[in-house]
Structure formats: structure tokens, C-alpha cells
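Below you'll find the structure, written out as C-alpha cells, and then a few comments.
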Amino acid sequence: MAHIIRPYGDTMDDGKVQLSFSLPVPAGSRALEAARRIALAWGFHEAEVVHMAPMSDEFTFFVVYAATQHGIDWDTVEGDRDDSEKPMTMDEINAFIRAHIGRKVVVVGACTGFDAHTVGIDAIMNMKGYNHHYGLERYEMIEAHNLGAQVPNETLIDYAEAHNADAILVSQVVTQKNSHVHNLTEFIELLEAKGERGRFICIAGGPRISNKLAAKIGFDAGFGHGTYAEDVATFIVKKMVQEGRK
Amino acid sequence: MVTNKLNLPKEKIDRARELAKNICAPVLDFIDAHTTVTVERATLRLLGADGVSTEGAPVPNLVVDALRDKMSEGAAVWYANALVQTGLEQGELDRRIAEGFNIATLPMGDRQKAKELAAALARRQFSRIDANRAYRESKLEEFKGRSHSPLLYLIVATGNIYEDVKQAQAAALAGADVIAVIRTTAQSLLDYVPYGPTTEGFGGTYATQENFRIMRQALDEVMEREQRYIYQTNYASGLCMPEIAAMGALERLDMMLNDSMYGILFRDINMYRTFVDQRFSRMINAYSGIIINTGEDNYLTTSDAFEKAYTVLASQFLNERFAYAAGLKPWQMGLGHAFEMDPSIENGILYELAQAQMAREIFPEHPLKYMPPTKHMSGDIFKGLVMDNMFNFVSKATGQGIHLLGMLTEAIHTPFMMDRHIAVETALYVMNGIESIMDEIEFRPDGLIVRRAHEVLDRTLGFMEEVERIGLMESIEKAMFADISRSRTGGKGFEGIVEKGEGYFNPVESMLERSLGLA
């Protein structure tokens, strides 16, 4: 039997959601009705506009509560990755590398293209890491090279070749006009043109990157918001062993 | 009026300023002896050189590129010589240069005559800057008491100047006192300034003189309607610091991001280049009455805000020293810092309060520029909004000068119009509600806040003594700032530095130094 799920407000299956949005109209009773109507047009019912505020002469902000009848079958949902696979800890990863690989694993990472944000690659690679999760530089059995931001794809690949990297991490934070997809695609195309796609484990990361998106572009994995160094390291070392890379 | 709540020892603060002076002295000697391609281009801009080739190369770039082997004499005399030798009107000469005419092919005629012409051209542009400054001052006087305190600072970043204008006007109407147009990603690494109005950019909009003018006009409209001065801000940092400062002076910008070391650390621009460029650009900012904003907040995106708090204070002292050396007055020094401590730290907000109050007391006349949480913002917009409002609280309580409003959607997307609306509404609520809080509150002399401030000051002194001992450039090489290491000859723009020759001539520099009392 299908396991249908709907949003839960304070009663099972009430379908309640909170929405906030703005409309390019002046605030007033017409705007209030427009906000309600637009929520109904989206398929909600019982739409209630609880807040309306003018933001300028031409724009108005709304907070709306509404209910939906739509649900989906929980049993048919597949996640971006397998939630039952837990990452190893830093110590476990180091021990795993010693036992199964027997040398330091070389990881090269950068934020590529014009993207100037180091925050993502730093969270994964810097000694200190992020949110009390140490970065790869702290891992005894990992040799981590963080090239920083605004690194051309060519430079990153050349560097990975020169340092015999096992894995390359490509970070993309800016997503305006799909620049992240463009940069990531170019990276894979460059590697393929050199016939070296198979030489490295390639991982894409960034707040808007999903495993599915990364796989579609040709990466081995993609890591999004909430990823820590151990998630990335676990993937790399397991994949290396799985594929017999030493 | 800043009241003393932390009882920081004056002799320690004086000692830090003395250390800053010693640390900066050898760098200032280097600066004095050198010019750069962008200093020369800024000089040409302040002689009125304008225009662009069909390939998009600005006239100042074409002139300086043609004069590369004469750079030690300064570009101004050669540009003026071309006017004398050809007898052309300036606009006509610029047009021919844009079409490929190489002024370096002309022999030097009467050098004295060329110098006098160059000085006259500079005076013409300076009088435009004087008029801008006078206009700003008259409007600030007319609308006195209408701005928020601290000034509320909002960013627009659509990539399209005409879209920016709509968002900026809405933001100003909503209550923003300061509008900053974020630049497109990587403009800081261009060794020229793009030309004309622009409608394409990534994560921001190109800083061009025409875009400055368009935004100025839009903000002035809102100013008149709201009877409140709206400050316009842009970013000087990068390979064209002096040129962007010149454009800002000509188009009456009011604030400019201008840090003495940001380009080195965070954009990998050569350190010699940045040091020379920042001085010239800051002299222009000083003369045009612009408030600079320094970039200490950036340190905390790569280093830990709790552990490395002293590097922020040390950098504030260095930025202050470099600012004085460029003729800036304390009221023009928007020294930066940020609310970036890990939100899981127990008493973290008290440590933030200590840091902000400490900065306030050490730099009492400076309009401190306080940045909101970014590093620890997540997709949880509800928690993010609370974090932003703790920041609003600390900022108001400690009397910061320029308050960059935090966005609840930080780390998700560039702000929606409604994100800004929520930011302004909640900030005004908090700030109005605690208007006089610090008149009512004193800190325990032996309490956590006072002890933390003293400890940060002590660590700053220790750190600055170390920097003094090994030298500023060596300290940067050793990653003592922001945990980032940069080599002296590495980074972008190194090839653009030239030692000034015996006969180096720069009428803009002389006029700036003379009027700022630096000569």
C-alpha cells in the first residue's frame, strides 16, 4: 500500500505550509486579494494572507499560510545518496588508508573559474575545517593541496597531474546564470580531451551541488550543503579500494 | 560620544599605534619611490583622459601601454606633450588614441610647457571633485539628523545596472542609508576598468564610470524624495584601486571599499603593487571626502573569529596607519570588523559585544564598518534571522558607524527584494528598541566582557611586536594574516610596478600631497 505523505502543521495530513513572497503591485486590498488568489492558483486551498507590507510604491511583501491536498508516496522516493552509509571518522579514515592503501592519498582542490568564494573548499580542506569537523589538511594519511579560489580549470588539472593526485575536488559556490554547471562541465571536458578522466576521482562540491547533478555532468560524486571533510574522504578512500587504485 | 566601559589602558593603545607606525614605515618608503601602471592611468583620468577603443581598451590603458619604457618619468608629461605637439583638443586626441594613434612616437617638445598644461588639466578635474564634495556637504547639512545611526548599508548585485537601480531605489526607500553595488566576480583581477553602462555580470555589476553616474542619479532622486542623504558605495580593491578611486571622486561616490592588504591576501595581487596602489587611491579618497571601508571582516572568513580576533585589531591599526599616511582623517576611516564567531560558542554573543565595544573605544572618531554573520549562516533562514538580529543588537549597543545589514538568505542566493525588506524592518525594530541601552549599562570591571577585551588587546600587542620584529612583508609571507601566505614577488600585477626616475612628474600626486598636507 502506498505511504502517502503531506506537510504536517499540527494535525496529521492537514497539509499546512508557510509561504512568503512579493508581488510587483502596490499594497492595498487588491494586493491582499491578489496574494490569496495566487496561492489558490498554485493549488493550495484555505490560503490566508497573515501579513502584507509595502516594500516600495510598486512592490509588496506577503506572508501566507495555506494548505495542500497533494501528497507523494514515500516508498517511491530515492535520496541523493544512501542515508544508511555513514561516513568514517578522521581516525577511521587514516586507519583505513594505512590498512588498505598503504600510502598517503593525494587530494587537490580548488574553487574554479571566476568564482572567488573559498568558503566551500576551505570548509573541506583547511586544517581547521568547519563546525568542529577537521579539514583534510589535518588528516595524517592525506596530502591535501588547497589551491584557493579563481583557479582556472587548466591550472587545477595541471597541478593534479604534477602532484599525482588521487582525487580532485572542484568547488563552485556562485550559481548565477548557471556558471557552476558551465565550469564543472568544462572541467570534465578538459580532462576527457586529455584522456585523463579515469586517472582521478573527481568530486564536485558547493551549496547548490547535488550528487545527481554532479553525476550527470560526469563527476564521481557531488556534495552539497552540510557536507564535512569526512564525508568526502570516506567516499574517496572507499572508491579507491573498490576500484583497486593504489 | 564614546564612553569608556572597558577601561583599556591608554598606554597599550598608544603602544599599538607606535608599533603600527614602525611596521608601516619601511613599506611607505618603498611606496614613495615607486609608481604603477594603474597609478599612471588614474593620473591620466584625473587629467581628463577618457574613451575606449572598439576592442574595449580604455584610453588611459592605451597611453600607459605605449609609454611603458617612459614610465619612470610619469605618463602625465607625455600625454600633455601629445596635446601640445598635435595641437588637438583633448577629446579629439583621446579619440585618435582610441583609434590606434601612439603618442610615444611624438618627440618631447617643450617639457616645461607640457608640465604646465598637465597641471592645468588636473586643476580642471580637481575643481569638479571640489564641486562634488561641496554638494555632498551641503546635502548632508540640509538633511542633517535624517540618517539612521548606525548607517544602514545594503547591497545590490544583479549584474545589470538598470536592474540595480530599481533594487537600490527600493532599498533606499525601505530605509537604507548606504547602497553598495557589488562588483562582478573577478573584476578585481582585471588590469583595466571596463567602459560604459553594463548589463551583464556574475554575482555583481561592473564598476564603470558610467554605471557610477547612473546609480548616482537614481540615488539622488530618492534622496530628494526621502529628504535623507543616500550614500553610494563601490569597491576600489583589486588591480585598479587608484583608477576606481578617481572615478568615484568624479562621480561623487561617498564610500569606497579600500583595504591596504585585502588584495594581497584575498585576491593574490602582488604586495608591492597593492601597497603602492592603495596609497594613491586613498589620497584620492581623502581629497574627495570619501569614507573608506576596510576589509578586516575577510580575515574571519578564513580564520576563526574567536581565536584570531587579535589579527582583526592589528589590521585595524595598520589600516589606520596607512590611512593617515594617505591623508585620510579619522572620520573617513570606516575600519572593518565582523560578527563571525561560531554560534555554538557559549557566551559567544558576549565576546562579540566585547570585540565591538573594544573597537569602538580604541577608534572613537572612526565610523566603524561592522559586517554581519556570513560564515555560519546556513539554509535555516529562521535561525539566520535571529543571528542577524543579535548582530543588530550588538552593533547598535556599541555605537558602530556603518552597519551592513545581514540577509536571512545569506549562503542561499543573492538577496531578494523581500530579504532586504525583512532585514531593514527587523534592524529598525531592534535598534529603536535599545536606542539608549548603553547609557544604562556598565560592564563589571572583572567580568567576562572586560577581561576578553583586555586579552584581545594584549594579544594584538604581542602579535604586532612579532610583525615589527620580522617585517610586514615577511609576516605576510609567513601567513601571519588570515592564515594565507603570499610571496613578495608572486601574485598578479607585479610587472606593473616601476621605480620613479629622477625627473618623475605627476601633477595629480603633487596636488594631492600638497592639499592633504603630506608634501
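The values are calculated or read from the model by the stated rules, or taken from the named source; none is laboratory data. Everything numeric here is computed off the predicted structure, so don't read it as measured data. With ideal geometry, Cβ positions are generated from the backbone for all residues, glycine too; neighbour counts draw on all protein chains shown. Side chains are part of the model used for accessible areas, which takes the heavy atoms of the whole protein and leaves out ligands, DNA and RNA. Shrake-Rupley method; radii C 1.70, N 1.55, O 1.52, S 1.80 Å.
Among the residues of segment A:121-148, what is the count of those that are open to solvent by 30 Å² or more (accessible area, probe 1.4 Å) and either in a loop (DSSP other than H, G, I, E, B) or more than 14 Å from chain B (Cβ to nearest Cβ) (or both)? Within segment A:121-148, residues that are open to solvent by 30 Å² or more (accessible area, probe 1.4 Å) and either in a loop (DSSP other than H, G, I, E, B) or more than 14 Å from chain B (Cβ to nearest Cβ) (or both) number 9. Restricted to segment B:375-413, and to residues there that are outside any loop (DSSP other than H, G, I, E, B) and among the small types (G, A, S), the residue that is farthest from the other protein chains (Cβ to nearest Cβ) is B:A397.
The single condition among (1) open to solvent by 30 Å² or more (accessible area, probe 1.4 Å); (2) touching a strand residue (DSSP E or B) at 6+ places or on another chain (Cβ under 9 Å) that B:S515 does not meet is (2).
Hey, can you tell me all the residues within segment A:64-117 that are among the acidic types (D, E), more than 14 Å from chain B (Cβ to nearest Cβ) and assigned to a loop (DSSP other than H, G, I, E, B)? Those that are among the acidic types (D, E), more than 14 Å from chain B (Cβ to nearest Cβ) and assigned to a loop (DSSP other than H, G, I, E, B): A:E78, A:D80, A:D82, A:D83, A:E85.
Screening segment B:171-180 for residues that are in contact with a helix residue (DSSP H, G or I) (Cβ under 8 Å, 6 or more places away or on another chain) and open to solvent by less than 10 Å² (accessible area, probe 1.4 Å) and picking the one that is farthest from the other protein chains (Cβ to nearest Cβ) gives B:I179. Right, B:I449: loosely packed, with under 14 Cβ neighbours inside 10 Å, within 28 Å of B:I362 (Cα to Cα), aliphatic (A, V, I, L, M) and more than 12 Å from chain A (Cβ to nearest Cβ) or not? Here the answer is no, as B:I449 does not meet what is asked. Restrict the check to segment A:59-81 and report whether at least one residue is of a type outside the set (S, T, Y), open to solvent by 40 Å² or more (accessible area, probe 1.4 Å) and within 18 Å of A:L32 (Cα to Cα). Yes - at least one qualifying residue is present in segment A:59-81. Given the conditions (1) more than 14 Å from chain A (Cβ to nearest Cβ); (2) more than 27 Å from A:I209 (Cα to Cα); (3) among the β-branched types (V, I, T), and given that B:I345 satisfies all but one, which numbered condition is not satisfied? Condition not satisfied by B:I345: (1). The residues of segment A:198-229 that are open to solvent by 30 Å² or more (accessible area, probe 1.4 Å) and either among the acidic types (D, E) or within 14 Å of chain B (Cβ to nearest Cβ) (or both), listed by number, are A:P207, A:R208, A:S210, A:D220, A:H225, A:G226, A:Y228. Residues that are open to solvent by 10 Å² or more (accessible area, probe 1.4 Å), within 14 Å of chain A (Cβ to nearest Cβ) and within 22 Å of B:Y231 (Cβ to Cβ) within segment B:421-435 comprise B:H421, B:I422, B:E425, B:T426, B:L428, listed in sequence order. Does A:D158 satisfy being in a helix (DSSP H, G or I), within 11 Å of chain B (Cβ to nearest Cβ) and either free of Cβ contacts under 8 Å to residues at least 24 places away in the same chain or not small (G, A, S) (or both)? It is false that A:D158 is in a helix (DSSP H, G or I), within 11 Å of chain B (Cβ to nearest Cβ) and either free of Cβ contacts under 8 Å to residues at least 24 places away in the same chain or not small (G, A, S) (or both).
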